[in-house]
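Novice: Shown below is the structure under consideration.
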Amino acid sequence: MSLPPENMQYPLRRHGMDHDRYDWSNLQDRPAIQWPGGARVALWVTPILQWFPLNMTAAPFLAPGGLTMPYPDYRHYTNRDYGNRVGIFRLLELIDQYELTASVMLNAAIARRYPSLVTELTSRNLELVAHGLDMGHLHHSGLTREQETELVKGALDSIRTVSGRTISGWLSPGRAQSWHTLDILAEEGIQYCCDWANDDMPYEMRAAGRKVLAMPLAHESDDRMILQEFRHTEDQWLQQVKDQFDLLYRESERYGGRIMSLPLHAWIMGVPYRTTYVREALDYILARDGVWVATGEQIAAEFRRQAG
Amino acid sequence: MEADPNLYDYLPYNKRPKIVWPGNARIALWVAPNIEFYEFNPPPNPKRKPWARPLPDVLAYSHRDYGNRAGWRRMMDVMDECGVRGSVSLNVAMCDHHPEIIDACNERGWEFYSHGIYNTRYTYGMSIDQERAIIEDSIETVRKRTGQTIAGWLAPALSNNVWTMDLLAEYGLKYTCDLFHDDQPMPVKVKSGRLISIPYSLEMNDVIAYLTNQCPPRHYGETIRRQFDQLFAESERSGTVMCIPLHPYLVGQPHRIAAFGEALRYIARQEGVWLATGREIAEHYYANHYDTMRAACEARRREESAT
């Protein structure tokens, strides 16, 4: 018995990465970024609005948070849709009270189904980030490039048309991509993408002869991961948010401006008791000097202005 | 297939020759960072898929890549501060991909041992000669980049074959980290030469703690302190080993590193702790304890077969 020869060959064993999407660079060795007003940490609040179709498939895998019970799974469908009807309004109230800006990441299905919610968002000082079509439509290599292009175009068209906004940021459902996703996003005018989880600062990715900025959206310290996957308590979520902020704040002294994203799934953090923890997190972070509350678009633009 | 791995004899914890560490230290602490490279598009292995999602699994790939872009330096800073050298469990292709990281470890006197070529190349399905090739590749690659001769082995993604331990001994490697049966180094039965197992705790491993057991970061710190306290108390009778296996893509995250740093500082400031590397533990053990431990195993076997 033996493995095929390809298992013993290493054609991409070379300096740097084993693909051409981006170059390796070490976080702590890059030129320091200075945020506006000498801020040390950019706080990037990212409420997330998702719609899980009742007839969603698990192709090619079940999206995180996807429906798991036999059809009709009213339990999970409605629990997720709660975020769009009720939960988001608690988060918006916090945003209003603290006079924050934020980047709301929404499935295009939200724009198609709930245009009045989009009006609520656009009437505020908020950025809209495209979050794919819905949680039943993942981007994966089983799609042809044409199919995936249609998916991206359709999602962007809906959000752009309903909101009247230029959309420059993208988060794929389940942060899943095909081999072509970044190329298609670049062709459709996307400036930054939040899927890759390998950095605490932005960096440029190569896509169809253009550049797409990878933006550092929390992965393992995201609310859904901590509360739903890891089954930690809300107190433990809050502790991790504080510890993360403190570390980034400390590091900014030596390495320059840092970014703290705060993902808040409306169907998770918009539940009444959880909103009280979000308030505590914001109180903790905003009590410090040198916090620049910004959208992804603003952070990306400032980063590119300085990093070139 | 065998019911028993046939790699070690039963030797109860309370009836063993005493282990004494250098300088009469009570406990040997070694920290084993897994410095790894997971491939974006690896060739398929018949027994194990590299990624949970279909290729390309950009989320899982980039999550691992975090360690080599951001996490490793945070982990190293904490270890520097505590005066702890790493014993690097190395996917040796890292010498090609990110020699900058390897050189930073080497300059600090850290040890390197092999964790295979890539963590996405499993030994399942390999012939003996193919597995020889990855051992030879490991020895050559690490020697060329660091000048070190690897002494230890942790199978890539813990993928083993029944002949693996024999091969390690044949190539003169001194220790394996793949056996989790003990809190002290133990002789491993091999066809020729000598090999020992060094404790490489699964429970202290950050992958198991954070992902499998889903520990909050501060709880992981607490488990490390308690593990130390318990092993330290037991070490009054005979020297123990505590291993902390790490992965910079996990422990190096901003929401985790501070709590880990506190735990490591707690251990490093105690008296009676030998801050060692895997090779140092192995060398001391071979020089002082291997023969007596093996004799104790054989005496026990004779005693048990007589009854």
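The values are calculated or read from the model by the stated rules, or taken from the named source; none is laboratory data. What you are looking at is a predicted structure, and each value in this text was computed from that prediction instead of being measured. Counting neighbours? That spans all protein chains shown, and the Cβs are built from the backbone with ideal geometry, glycine included.
Novice: Looking at region B:232-257 only, could you name the residues that are surrounded by fewer than 20 Cβ atoms within 10 Å (Cβ to Cβ) and assigned to a helix (DSSP H, G or I)?
Specialist: So in region B:232-257, the residues surrounded by fewer than 20 Cβ atoms within 10 Å (Cβ to Cβ) come out as B:232-234, B:236-238.
Across region B:232-257, the qualifying residues are B:F232, B:A233, B:E234.
Novice: Right, here's the next one. Quick one: count up the residues across region B:206-248 that are among the basic types (K, R), in contact (Cβ under 8 Å) with a residue 12 or more places away in the chain and more than 28 Å from B:I101 (Cβ to Cβ).
Specialist: Within region B:206-248, residues that are among the basic types (K, R), in contact (Cβ under 8 Å) with a residue 12 or more places away in the chain and more than 28 Å from B:I101 (Cβ to Cβ) number 2.
Novice: Something else: Any residue in region A:234-251 that is facing another protein chain (nearest Cβ under 7 Å) and in a helix (DSSP H, G or I) sitting within a Cβ distance under 6 Å of a residue that is surrounded by fewer than 21 Cβ atoms within 10 Å (Cβ to Cβ) and modelled with pLDDT of 95 or more? List the pairs, counting only those 6 or more apart or interchain.
Specialist: Short answer, once both residue conditions are applied: A:D243/B:A258; A:L247/B:A258.
Novice: Among what's in region A:177-201 and is within 12 Å of chain B (Cβ to nearest Cβ) and in contact (Cβ under 8 Å) with a residue 40 or more places away in the chain, pick the residue that is surrounded by the most Cβ atoms within 10 Å (Cβ to Cβ).
Specialist: The residue in question is A:T181.
Novice: Would you check if there is a residue in region A:65-83 being within 14 Å of another protein chain (Cβ to nearest Cβ) and either more than 21 Å from the chain's Cα centre (by Cα) or surrounded by fewer than 18 Cβ atoms within 10 Å (Cβ to Cβ) (or both)?
Specialist: Scanning region A:65-83, I find no residue that is within 14 Å of another protein chain (Cβ to nearest Cβ) and either more than 21 Å from the chain's Cα centre (by Cα) or surrounded by fewer than 18 Cβ atoms within 10 Å (Cβ to Cβ) (or both), so the answer is no.
Novice: Here is a follow-up. Kindly state which helices (runs of 4 or more DSSP H) lie completely within region A:40-121 and contain at least 1 residues that are of a type in the set (G, A, S). Steps first, answer last, please.
Specialist: Working: elements: A:74-82, A:88-97, A:108-113.
Of the helices (runs of 4 or more DSSP H) lying wholly inside region A:40-121, those with at least 1 residues that are of a type in the set (G, A, S) span A:108-113.
Novice: I would also like to ask the following. Within region A:154-165, can one find any residue that is closer than 24 Å to A:G66 by Cα, in contact with a helix residue (DSSP H, G or I) (Cβ under 9 Å, 6 or more places away or on another chain), within 14 Å of another protein chain (Cβ to nearest Cβ) and assigned to a helix (DSSP H, G or I)?
Specialist: No; the residues of region A:154-165 include none that is closer than 24 Å to A:G66 by Cα, in contact with a helix residue (DSSP H, G or I) (Cβ under 9 Å, 6 or more places away or on another chain), within 14 Å of another protein chain (Cβ to nearest Cβ) and assigned to a helix (DSSP H, G or I).
Novice: Here's a follow-up. Among (1) farther than 30 Å from B:G272 by Cα; (2) within 14 Å of another protein chain (Cβ to nearest Cβ), where does B:E81 come up short?
Specialist: That leaves (1) as the condition not met.
Novice: Can you confirm whether A:L62 is of a type in the set (A, V, I, L, M, F, W, C), surrounded by 12 or more Cβ atoms within 10 Å (Cβ to Cβ), within 14 Å of chain B (Cβ to nearest Cβ) and touching a Gly at 6+ places or on another chain (Cβ under 7 Å)? First the steps, then the outcome.
Specialist: Numbers: of a type in the set (A, V, I, L, M, F, W, C): yes; surrounded by 12 or more Cβ atoms within 10 Å (Cβ to Cβ): yes; within 14 Å of chain B (Cβ to nearest Cβ): yes; touching a Gly at 6+ places or on another chain (Cβ under 7 Å): no.
When the stated conditions are applied, A:L62 does not pass them.
Novice: Taking the criterion of being surrounded by fewer than 22 Cβ atoms within 10 Å (Cβ to Cβ), among the aromatic types (F, W, Y) and not in a helix (DSSP H, G or I), would at least one residue in region B:273-284 satisfy it?
Specialist: yes
Novice: For region A:227-245, check the following and say yes or no: at least one residue is more than 20 Å from A:H131 (Cβ to Cβ), surrounded by fewer than 23 Cβ atoms within 10 Å (Cβ to Cβ), touching an Asp or Glu at 6+ places or on another chain (Cβ under 7 Å) and not hydroxyl-bearing (S, T, Y).
Specialist: Scanning region A:227-245 turns up at least one residue that is more than 20 Å from A:H131 (Cβ to Cβ), surrounded by fewer than 23 Cβ atoms within 10 Å (Cβ to Cβ), touching an Asp or Glu at 6+ places or on another chain (Cβ under 7 Å) and not hydroxyl-bearing (S, T, Y).
Novice: Filter region A:217-233 for residues that are at the interface with chain B (Cβ under 9 Å from one of its Cβ atoms) and not in a helix (DSSP H, G or I) and give the result.
Specialist: A:A218, A:H219, A:E220, A:S221, A:F230, A:R231, A:H232, A:T233
Novice: Additional query: If B:R69 satisfies every condition in (1) part of a loop (DSSP other than H, G, I, E, B); (2) free of Cβ contacts under 8 Å to residues at least 12 places away in the same chain; (3) within 9 Å of another protein chain (Cβ to nearest Cβ) but one, which is the exception?
Specialist: Status for B:R69: all satisfied but (1).
Novice: Does B:R132 count as charged (D, E, K, R), within 14 Å of another protein chain (Cβ to nearest Cβ) and surrounded by 18 or more Cβ atoms within 10 Å (Cβ to Cβ)?
Specialist: no
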